[in-house]
Amino acid sequence: MTTPTHTVVCPECHRSFEVDAGMRETLLKAGCAVCGAPIVDADLTVE
Ligand SMILES: [Zn+2]
């Protein structure tokens with residue numbers, strides 16, 4: 001079984017991150033790891 005990978009693109013700095021479900025939750029709560037901009041569900045895609 002594989003863990004779904006999510007790609008997050010920050011709306012502010014346009015960095016993309018590949019995250020798993022746990023990291024996704026962290027980004028939604030804490031914001032972008034680079035610039036701190038809020039991350040919303042719309043910034044996430046599931047591969
Ligand atoms: Zn950012």
For this session: Whole number please: convex hull volume per residue, Cα atoms of the chain, in Å³.
Result: 59 Å³
Exercise. Can you give the extra length, in nm with one decimal, that the chain gains between THR2 and THR26 once fully stretched, where that is 0.36 nm per residue apart less the Cα-Cα distance?
Worked result: 6.7 nm
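State, as an integer percentage, the relative contact order of the chain based on alpha-carbon contacts under 8 Å between residues 6 or more apart.
Numbers: 68 pairs, mean separation 20.5, N = 47.
Relative contact order here is 44 percent.
Counting other C-beta atoms within 10 Å, and keeping those with at most 14, which DSSP coil trypsin sites (Lys or Arg not before Pro) do you find in segment 15-47? Provide the component values of the computation, followed by the final result.
Working: sites: ARG15, ARG24, LYS29; in loops: ARG15.
In loop regions of segment 15-47 (DSSP not H, G, I, E or B), the sparsely surrounded trypsin sites (Lys or Arg not before Pro) are ARG15.
Hey, what number do you get for the chain at 222 nm if only DSSP H runs of n ≥ 4 count, each worth -39500 (n - 2.57), divided across all residues, to the nearest 500? Before the final figure, lay out each step's value.
Numbers: 1 runs with 10 residues, N = 47.
Helix contribution divided over all residues of the chain: -6000 deg cm²/dmol.
No value in this document is a laboratory result; all are computed from the given coordinates. Since this is a predicted model, take the numbers as computed values, not measurements. Counting neighbours? That spans all protein chains shown, and the Cβs are built from the backbone with ideal geometry, glycine included.
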